Each structure stands twice: as structure tokens, then as C-alpha cells.
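For reference, the structure discussed in these notes is given below.
The values are calculated or read from the model by the stated rules, or taken from the named source; none is laboratory data. Everything numeric here is computed off the predicted structure, so don't read it as measured data. Reconstructed Cβ throughout: ideal geometry from the backbone, glycine too, with neighbour counts over all protein chains shown.
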Amino acid sequence: MLLKTSVANDLKKTFLTKLDAYYNNGKVREGLHISSLIFCLRQNFFRKVNPQPHSLKTLQFFVDGNSRHSALQSLLGLRSEVRFERFGVVGTVDILDGKFPVEIKTTRAANAVPEHYFTQLSYYCVLLGVCEGFLVIQRVNCKDEKDPWEFIHVEWSVDEMEKLEDELKEKSRLFREALDSKDFSLLPRLDSSMRWKCRYCFYSKDCGGIRG
């Protein structure tokens with residue numbers, strides 16, 4: 001038996017090259033996407049202007065996520081990976097149940113639901129012109145006695161949706177302005193309570209997130 005490491009490495013490079021092409025050139029990244037307006041705007045700015053090659057860890061997340069999504073989507077038999085646009089912002093919802101978005105997430109947290117899950121779902125609702133949607137959360141580190149899946153129905157008031165629409169429009173305006181001027185300083189830093197995440201960001205030194 002002969003193990004050809006160089007040939008195997010060529011295959012690995014092919015997978016990573018295809019992954020780069022998928023994220024950087026695929027339709028999911030055309031235009032200003034909802035994902036660029038979630039969490040840290042500065043990090044998302046640098047990802048746009050200075051994209052980095054993807055790693056094997058990213059490949060793992062990609063395969064796990066796609067497998068999970070495909071399985072759930074096939075069970076429901078509903079429209080999946082539905083792409084839509086409003087206010088010049090693109091959204092791609094995991095599942096569309098009638099007119100309501102269903103977003104699928106995975107977390108290692110035992111109980112908490114990250115705030116940006118709700119933010120992303122709310123922005124999808126803004127683009128779709130509805131006031132409610134669903135989160136489907138898989139807790140991969142769930143103890144045996146607990147259910148590994150959580151299903152959450154979220155509904156916002158009309159006043160809340162108006163504020164969320166204004167927030168989305170303002171974020172998209174700022175992001176476009178920053179991209180056009182190549183000036184990341186126009187974008188806000190992470191809230192001080194979340195600044196610890198800067199330690200794990202590839203671009204933290206570029207934007208001064210750690211120092212700030």
C-alpha cells in the first residue's frame with residue numbers, strides 16, 4: 001500500500017479553493033447580504049475588502065451546516081434557501097413556511113439563545129414584510145436528559161418592526177458608505193460587553209478592536 005501525501009494535499013486544496021469560490025463568488029454573496037449586517041460590522045467590512053482563504057475548520061462548519069439544513073428541509077418539503085431582496089439588502093432564508101421565515105441554528109450553549117439569532121430572524125421578517133418567524137436550534141452538547149432541539153416562535157409588534165426596519169436601513173447605509181470610502185472607522189465597534197470576541201478576530205489589529 002502506497003500513501004501519496006502530495007496527491008491528498010492537492011485534493012484538500014481543491015476543496016478549500018471551491019469553498020473560497022462558493023463564498024466569495026457564489027450567489028449567496030452577491031449584493032449587500034443580511035449576514036454582513038449582523039454582529040460586528042467592522043469584521044464584516046474587512047471580510048468584504050480583504051477576504052481570507054478558508055480553513056479546514058470552515059469546511060467542517062460548511063459541511064455540517066449544509067447536511068443539517070438539507071435533512072430538515074427535506075422533511076418539511078417546503079421552499080428552502082429562498083433568496084429575496086428589499087431596500088437593496090439581500091436575504092437568504094433557510095426555510096420559508098408560507099410567508100414566514102424559519103432559521104436553523106446550531107450552538108454549543110446549553111440554554112442561552114444568542115441575541116444575534118433574533119436579530120437575523122427579525123431582519124428577514126423586515127425584508128419579507130411579516131411580523132413573525134421561527135428559530136430551530138440544535139444544541140450539539142446537550143445532556144442526555146434534555147431535548148437537543150429547541151423550536152421558538154417569535155412575534156414582533158408593528159412598532160417594533162418599524163424600529164427594526166429603520167435599524168436595518170441605517171446599518172445598510174453605513175455599511176455601503178464604509179465600503180464606498182474604504183473607511184471602516186465609519187462603522188461602530190462591538191459593544192464593550194462583547195469586545196472580548198475581538199481577541200479571536202483575524203482583523204482585530206486592523207480595526208483596533210482589542211485596543212478600543
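Here T107 meets each of (1) hydroxyl-bearing (S, T, Y); (2) crowded, with 16+ Cβ neighbours inside 10 Å; (3) in contact with a Ser or Thr (Cβ under 9 Å, 6 or more places away or on another chain) with one exception, condition (3).
Scanning region 147-175 for residues that are outside any strand (DSSP E or B) and loosely packed, with under 11 Cβ neighbours inside 10 Å yields D147, S157, V158, D159. Listed by position, the helices (runs of 4 or more DSSP H) enclosed by region 38-132 that each have at least 1 residues that are within 24 Å of K146 (Cβ to Cβ) are 56-76, 115-128. Looking only at residues of region 185-212 that are assigned to a helix (DSSP H, G or I) and under 20 Å from the mean Cα position of the chain (by Cα), we find that the one that is nearest to R47 (Cα to Cα) is S204. Among the residues of region 1-41, how many are within 22 Å of E177 (Cβ to Cβ), modelled with pLDDT under 85 and among the small types (G, A, S)? Adding up the residues that qualify gives 1.
All conditions in (1) more than 17 Å from the chain's Cα centre (by Cα); (2) surrounded by fewer than 17 Cβ atoms within 10 Å (Cβ to Cβ) hold for K57, with the sole exception of (1).
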